[in-house]
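Undergrad: The structure's right below; bear with me while I get my questions together.
Each value in this text was obtained by applying a stated rule to the coordinates, not by laboratory testing. In this text the structure is predicted, and so the values were computed from the model without any measurement. Here Cβ is always computed from backbone atoms with ideal geometry, including for glycine, and neighbour counts include all displayed protein chains.
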């Protein structure tokens, strides 16, 4: 500016003036009136830079929607040219066909465009079919066809179905394919044998809500209509149906007859429902199952055995209880009269050879509290097992927490190590509850130091989930823990795996099966692991929490076992009805509770409540 005012140091060859790339230079121009020598000064900025080439984008044709990929730094998507229209970023979802433009905020850049073509997947609307006799497959619209399996052989329209089977309808719209399963049921709809309903009442009569039994009966065919009757004849004729809630008309126990049909169809299936009304009592039986570590008789310093199943039998009815983490058990509402408590030998840990006493017989008197402790002895064995549980759901951009439980099922103090592996593309390690031995991209290793017999140790790993498009809702992520133990008796329980589906929202009260939403036929005979989460969403602390869980009839209820729980508990089982009782200390009444049981087969319909 001063040079222009003083008219010194002028640029001698303006047409060949050179500046540095990317550097902004202010140039001053002096205009002088040669007659009067009056002048004025103005200025302008001069900048030159290399042209930034916009990335070449290929046209896209896809089904239903398209998620925008990441672009080089400085570039963004627009629906109009020259950065006009709507502004879009990586991770946004496009659900209709359009042309997008890739533009940079740099003054020296090119612009590219590409076309996104969205083809809607064909819609399939099909319901299960029930026919009393044979069923003929009706004709379908063009581009629709019946298939025997997913992607399997074509079943021609007009085929006659003579036995209950599952089929698929496959539809195509260009490259987009949709398939949906449906069932053809010949005869009445399938009926599941329901678990007995039991309500204690000193009068011998109680009001039963039959809806839970109806849900269980129709679990294989939810569209079925379930009705209850007092007699088999009424059931066959479909007359005089009972209304829920129903009060039993025969004291203490009653058998109801159940008809399972479908509206508009004449054929039906039948089953029965047993009702029990035992007397309510204040009588309890409790105790501890311990292991004699020193072979000198059980004492308070010996370890309690967790997960041991006990039965209490009264009048032919068995109720089951399971020891908690300290080996304690309890039976409530024990009926007055002759009772016998027995330990299920199949639930005892490996290495246990005998338990004293073998059983406990007693004549219960109402209001009394009975105690029976059991002492186990055995031979030395080493057996560590590992369980992997999700503490949270997986949501893009948020923390995912996993709990690893190492249980010493043997009767010797054991030492080992384990490695937790995860998807390094979708997760970054945030923190661990204890120091790790080593860490790599996608895995972290911990030591297990001198874990006493019949105790457990819990480790927590926190991961940060990636943002879209790296981690998208609906994607499945897997994690695994592999445990290494010298001279371990059972290597089959040294590995735990987990599959989770990424979500964008979640219910804090839920049940998750660790093996994922679907299992193979081979897995159907193996143990499945479940996590039940429930939370106090009220505005006042909960002290005594009762959680009820109804196991489906396809589950082997005898295989039930509690692996771990966030708080001390008692659990009883009558048939397929599980009851968990939590007494929560005041300091933790507002915390989440997490319970991790498992059974040998998946539960189709399960419910829990506070």
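Undergrad: Between rounded, prolate and oblate, where does the stretch 305-401 land on the alpha carbon gyration tensor, with a ≥ b ≥ c its root eigenvalues, rounded for a/c under 1.5, else prolate if a/b exceeds b/c?
TA: It comes out oblate by the Cα gyration axes.
Undergrad: Below 8 Å, C-alpha to C-alpha, sequence gap of six or more: please give me the relative contact order for the chain in percent.
TA: 8 percent
Undergrad: Here's a follow-up. Using a Förster radius of 35 Å, what is the FRET efficiency between residue 46 and residue 115 based on their Cβ-Cβ separation? Nearest 0.05, please.
TA: The calculated FRET efficiency here is 0.35.
Undergrad: Any idea what log10 I(q)/I(0) is at q = 0.19 Å⁻¹ for the stretch 197-276, Debye with uniform C-alpha scatterers and no solvent?
TA: The calculated log intensity ratios at q = 0.19 Å⁻¹ are -0.79.
Undergrad: Same structure again: At a Förster radius of 45 Å, what calculated FRET efficiency corresponds to the Cβ-Cβ distance of residue 253 and residue 126, to the nearest 0.05?
TA: Efficiency at R0 = 45 Å is approximately 0.55.
Undergrad: Against the globular-protein guess of 2.2 N^0.38 Å, express the Cα radius of gyration of the stretch 229-319 as a ratio, rounded to two decimals.
TA: Rg over 2.2 N^0.38 Å, computed on Cα atoms: 1.89.
Undergrad: At 7 Å along the Cα-to-beta-carbon direction for both residue 3 and residue 36, put a label point, then send me their distance in nm to one decimal.
TA: 2.8 nm
Undergrad: Kindly state, as a whole number, the per residue volume in cubic angstrom of the convex hull around the alpha carbon atoms of the stretch 111-161.
TA: Dividing the Cα hull volume of the stretch 111-161 by its residue count gives 120 Å³.
Undergrad: Out of every Cα-Cα pair in the stretch 385-518, what percent are more than 24 Å apart?
TA: Distances greater than 24 Å cover 31 percent of the Cα pairs.
Undergrad: Could I ask something else about it? Write down the Å³ per residue value for the convex hull defined by the alpha carbon atoms of the stretch 129-186.
TA: 70 Å³
Undergrad: For the pair residue 272/residue 458, report the inter-label distance in nm, with labels modelled 7 Å from Cα in the Cβ direction.
TA: Reported label-point gap for residue 272 and residue 458 is 4.5 nm.
Undergrad: Within the stretch 59-87, which residues have the backbone N less than 17 Å from the label spot 7 Å out from residue 105 along Cα→beta-carbon, could you tell me?
TA: Within reach of a label on residue 105, which here means backbone N under 17 Å from a point 7 Å along Cα→Cβ, the stretch 59-87 contributes 71-79, 82-87.
Undergrad: So if I restrict to the alpha-carbon atoms in the stretch 2-46, what is the Rg, and what is Dmax, the biggest pairwise distance, in Å?
TA: 12.3, 41
Undergrad: OK, next. In deg cm²/dmol, rounded to 500, what helix-only [θ] at 222 nm does the chain give when every DSSP H run of at least 4 residues adds -39500 (n - 2.57) and the total is split over its residues?
TA: Mean residue ellipticity, 222 nm, calculated: -500 deg cm²/dmol.
Undergrad: What does the extension gain come out to for residue 424 and residue 282, with contour length at 0.36 nm per residue minus their alpha carbon separation?
TA: 45.6 nm
Undergrad: If the chain between residue 225 and residue 492 were fully stretched, how many nm would it gain, using 0.36 nm times the residue separation less the Cα-Cα distance?
TA: 91.7 nm
Undergrad: What distance in nm lies between label points placed 7 Å from Cα along the C-beta direction at residue 13 and residue 558?
TA: The answer from the label model is 10.2 nm.
Undergrad: Which entry in (1) 1.20; (2) 1.07; (3) 1.40 matches Cα Rg over 2.2 N^0.38 Å derived from the coordinates of this structure?
TA: (3)
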